Each structure stands twice: as C-alpha cells, then as structure tokens.
Amino acid sequence: QQYASIKISENQSRSNIKASHGKELGKQLTKDVFRERIKSIDTDTCAPGEEDAFFVVDMGEVYRQHLRWKMNLKRVKPHYAVKCNPDPEVLRLLAELGTGFDCASMQEIETILNLGVDPSRIIYAQPCKTKSFIRFAADHRVKQMTFDNADELYKIQRFYPDAELFLRILTDDSSSLCRLSDKFGASMDTTMRLLQLAKDLDLNVVGVSFHVGSGASDPQSFARAVQDSRIVFDQASEIGYHLKTLDVGGGFSGDLFESMASVLSKALDENFPPNVRVIGEPGRYYVSSAFTLACNIIARRDIQDPATGRTNYMLYLNDGVYGNFASLIYDHQIASPRILSKQDRSTHGVEYSLWGPSCDGIDRITDTCTLHGILDVGDWLYFEEMGAYTKCCATRFNGFTNHHDVLYISSEPGASALLNY
Ligand code: PLP
C-alpha cells in the first residue's frame, strides 16, 4: 500500500463538491502515483506479473460523495451496498463516517461485523435468502431484512421470527442499466396478501423497500416508487402494522445525483411525515469515480487496410472483461481509455481497438477509440470511473490473477484524518 495526501481547506472542498478543487487534485495525485509506480517497472526485465494492471483509489472522492449525499438527501441515511465494491479501505472509511451497510450474503454480513459495526446498522437486503444465512443473521442479531414472496415469510418464521421485515415492492426500472424487477419485488396486486400472511404468521413487518434499478437514469422513477410505498404503508395500517422505515434502495448515479435527490426529497416530504425513518442502499454512487485503473499494453497487431492503405491497430491489454472490465458485460459500462505513458512522441489521432488478455474473442474492451500517437507494447493506459462492479466481479479465467494491487490516496483532509493517510 502506498499513501499520499494533499492539504486543502475544508471550506474549499465543501463550496462546490460536485466539481471541486479536491476532485481535480485527486486526479492529479492519481496520475502522479501511477507514474511513480510504472517508472520502477521495466517490462523487459521485471518479474512475471510485476506489470499487472493496478488501481489507484482516491478516498477523498468517497468522502466527497458522502458530503454531497448529506447535503442533498439529509433525510435518507445511506446503507452502502457492499456488493458493488467490498474494498476493505472503502468499507472502513464508510464505517467511520457512520453509514449503514446493505449486505447480500452471510459473507458480506461477516465482513461488516468484523469491522466492529453494530448489527443494527446492517440490512440484509436480499429477498430470497439461503436458510443457513438466515440462521447466521439470527445468531448475529442482524434483524433488518427484506422479503417479497410468501415462501420467504415461512422460512423467516421458522428461522428468525423476531426479524424486522421490509416488504420489497416492484418498480418500473425500464430506464436503468441493470434491471432488477424481472427477479425481485412484489407487484402491487400482491402486497396486501403478503402483509396479511406476515400478520397471520405473527411476523414483524417494519417497512417497505424498493430499488429503481441499478444505473437508473429517470429521476421520476423514485417519485413513482415512493407513491407506491405510501400505498403499502396504508395497507399495512389497515391490518394493524405501524410501519416506521422506508428503504429507497440504490440506483443513484454520480452524474444525475442532484436531480434524483431533489425529486426523491420532494416525494418523501409529500408522502411521508418526518417521523418515518428513511434509508437508502447506494452502491455505485459512492465508489465509481474513486477508482482508476492502469493497464499495460502486452501485445499489438497491425492490420493494413488495402482499401485505404491505412494501418489499424489492435492493442492487447493485461486486463479484460474476465478481469476488472467485467463491468462492460455485467454492468453495461463503456470503457474510456487515456494514455498514461508512451514511447512515441507523435500526437496525431490514431484509431485503436482494445482487447483483454484471455483467449476468448468476447474479451474486447472497445471496438474503436482514438488515442494520440502510436502506442506500442510496454506503454500504459488508464481508465477512470472503475469503482463499481469491477474488481469484485473479476474471475481467474485463463489462470490470470484477480487480485490487483490497490494504491490509496486521499485528496481530502477529512478522509485523511479518518484513515491516517
Ligand atoms: N440494493 C440492492 C438490493 C441491489 O440489488 C443493488 C444492486 O444491485 C444495490 C442496492 C446497489 O445499487 P446501485 O449500485 O445501483 O446503487
């Protein structure tokens, strides 16, 4: 691990969190750390794997996202979705900042409990759980959990009858990158029946949850889901439940955050009195922009186009869709390469296609991109916005490692103080 920090005043960073000075400093520091590291790697002589792809993470960016959340969504207590990126330093920072955590499995719950986080800060937000994992949650007093079907209620009654249950409802997630409603969520014509069954089983329903889809792009989807949640709160009152918490899920994007927060805040204020507690489960919002990945060019193929006489270049990198670019497949992301270092001094635009290191043809990072100058084996590229659904989805296909080095920096004194950087 390598740490660097930079001093800027707290006021400076708070004044404009979205396009802050701290963000620019973070980008500069990231490049400095990249360059320092690759300076020491000679790809002709280095130990095998020394030139592997690696990340630089600006913890200041995670910290700024937290401040931005608090400024725009005061009413909603974030429970970070661990699945998105369970990086230990990110989890530690968020634990220090006092967020809650959305866990999807026993293993994630264990990771968070091992940080010393109180079980009341965890929601087991998976409506279809393994029986032994429910028993584990019961043994460790992780009470909050979601359900969306009758079978789950029978399971919970058997293994954790004291659990605090959230009924997850279906949403219109048609404008999101990763739709979840094909798989999860009770439709509005089933909610009353499920609440009645929970009541008959003497279970403790405490709230409603929803998710508007990961990578959502329509802020109004939050408003519609909040209105549906209100209906379910009222249905619950009819049969004697007094629900106290609404969970507005994840789906928040860095680019659209302010408009999503404004639509959501308005809908919350119109539909829920202040005594209703509101939590959220943001994942990508917290980590996407904090992680930048450096990759080495390990091979190049030059193809002459007889029609135009031009050369097309195929560059092969030491990371691909079976590695940290898994997000191109699972998360429908688009890679935007930038040059970190190159031997050639020319600066004219050249077209490239980029490929991963595995033997599979699907392992393509981008069909076409224009970069300035002729790139060659041994040169380095970097990719921003690589924090969400990347390294946690990497496989060992073809024998490659899925443990890439992570170097931490902090461009915010607030984060530095919490993490001793
Ligand atoms: N909560 C649940 C239940 C999820 O399934 C997910 C992602 O799949 C999230 C939260 C995080 O979503 P996002 O990263 O889009 O904020």
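Are any residues in the stretch 348-357 part of a strand (DSSP E or B) and at pLDDT below 95, and if so, which ones?
Initially, the stretch 348-357 is screened for residues part of a strand (DSSP E or B), giving 349-355.
Listed by number, the residues that qualify are Gly349, Val350, Glu351.
Within the set of pairs 6 or more residues apart or between chains, which connect a residue that is within 17 Å of Ala261 (Cβ to Cβ) and touching a residue at least 12 places away in the same chain (Cβ under 8 Å) inside the stretch 67-88 to a residue that is charged (D, E, K, R) and more than 14 Å from the ligand (Cβ to nearest atom) with Cβ atoms less than 7 Å apart?
Taking only residues 6 or more apart or on different chains, the pairs are Leu67/Arg14; Arg68/Lys18; Asn72/Glu258.
From Glu110, Glu164, which residue is closer than 22 Å to Cys392 by Cα, among the acidic types (Asp, Glu) and more than 15 Å from the ligand (Cβ to nearest atom)?
Step by step, each of Glu110, Glu164 is checked, and only Glu110 is closer than 22 Å to Cys392 by Cα, among the acidic types (Asp, Glu) and more than 15 Å from the ligand (Cβ to nearest atom).
Mind checking which residues of the stretch 225-255 are modelled with pLDDT of 95 or more and touching a Ser or Thr at 6+ places or on another chain (Cβ under 7 Å)? Before the answer, list the steps.
From the stretch 225-255, those modelled with pLDDT of 95 or more are 225-252; that's our starting set.
Ala225, Val232, Gln235, Leu246, Asp247, Gly249, Gly250, Gly251, listed by residue number.
Yes or no, residue by residue, for (1) farther than 14 Å from Ala53 by Cα; (2) within 16 Å of the ligand (Cβ to nearest atom):
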| site | (1), (2) |
| --- | --- |
| Thr368 | yes, no |
| Asp376 | yes, no |
| Glu384 | no, no |
| Cys393 | yes, yes |
| Phe397 | yes, no |
| Asn402 | no, no |
| Asp405 | no, no |
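With the structure loaded, tell me whether Ile374 is among the hydrophobic types (A, V, I, L, M, F, W, C), surrounded by fewer than 16 Cβ atoms within 10 Å (Cβ to Cβ), farther than 30 Å from Ala95 by Cα and not assigned by TED's automatic domain parsing to the domain that holds Asp87 or whether it fails that test. Walk me through how you get there before you give the answer.
On the way: among the hydrophobic types (A, V, I, L, M, F, W, C): yes; surrounded by fewer than 16 Cβ atoms within 10 Å (Cβ to Cβ): no; farther than 30 Å from Ala95 by Cα: yes; not assigned by TED's automatic domain parsing to the domain that holds Asp87: yes.
Considered against the rule, which asks whether it is among the hydrophobic types (A, V, I, L, M, F, W, C), surrounded by fewer than 16 Cβ atoms within 10 Å (Cβ to Cβ), farther than 30 Å from Ala95 by Cα and not assigned by TED's automatic domain parsing to the domain that holds Asp87, Ile374 comes out as no.
Determine if the stretch 129-138 includes at least one residue that is in the same structural domain as Cys103 (by TED's automatic domain parsing) and in contact (Cβ under 8 Å) with a residue 40 or more places away in the chain.
At the first step, the residues of the stretch 129-138 found to be in the same structural domain as Cys103 (by TED's automatic domain parsing) are 129-138.
Filter again for in contact (Cβ under 8 Å) with a residue 40 or more places away in the chain, leaving none.
Scanning the stretch 129-138, I find no residue that is in the same structural domain as Cys103 (by TED's automatic domain parsing) and in contact (Cβ under 8 Å) with a residue 40 or more places away in the chain, so the answer is no.
Of the residues that sit in the stretch 44-89 and are under 15 Å from Val406 (Cα atoms), within 16 Å of the ligand (Cβ to nearest atom) and surrounded by fewer than 24 Cβ atoms within 10 Å (Cβ to Cβ), which one is nearest to the chain's Cα centre (by Cα)?
Only one residue tops the list, namely Pro86.
Look at Gly207 and say whether it is within 30 Å of Phe383 (Cβ to Cβ) and within 16 Å of the ligand (Cβ to nearest atom).
no
Mind listing just one residue for me: the one in the stretch 262-301 that is among the hydroxyl-bearing types (Ser, Thr, Tyr) and farther than 13 Å from Val76 by Cβ and, of those, farthest from the ligand (Cβ to nearest atom)? Working first, answer last.
So the first thing to find is which residues in the stretch 262-301 are among the hydroxyl-bearing types (Ser, Thr, Tyr), and the list is 262, 265, 285-286, 288-289, 292.
Subset that is farther than 13 Å from Val76 by Cβ: 286, 288-289, 292.
On the way: Tyr286: 8, Ser288: 9, Ser289: 13, Thr292: 18 Å.
Residue satisfying both the conditions and the ranking: Thr292.
Looking at the stretch 206-226 only, could you name the residues that are in a helix (DSSP H, G or I) and not small (Gly, Ala, Ser)?
Step one: filter the stretch 206-226 for residues in a helix (DSSP H, G or I), giving 220-226.
Within the stretch 206-226, Gln220, Phe222, Arg224, Val226 meet the criteria.
Restricting attention to the stretch 182-204, report how many residues are within 13 Å of the ligand (Cβ to nearest atom) and without any contact (Cβ under 8 Å) to a residue 24 or more places away in the chain. Working first, answer last.
Keep residues of the stretch 182-204 that are within 13 Å of the ligand (Cβ to nearest atom), which gives 182-185.
In the following step, the residues that additionally are without any contact (Cβ under 8 Å) to a residue 24 or more places away in the chain were identified as 182-183.
Result for the stretch 182-204: 2.
Can you find a residue in the stretch 189-205 that is part of a loop (DSSP other than H, G, I, E, B), under 28 Å from Glu385 (Cα atoms) and not assigned by TED's automatic domain parsing to the domain that holds Leu328?
no
The values are calculated or read from the model by the stated rules, or taken from the named source; none is laboratory data. The structure presented is a predicted model; accordingly, all values stated were derived computationally and were not measured. Neighbour counts are summed over all protein chains in view; Cβ atoms, including those assigned to glycine, are modelled from backbone coordinates with ideal geometry.
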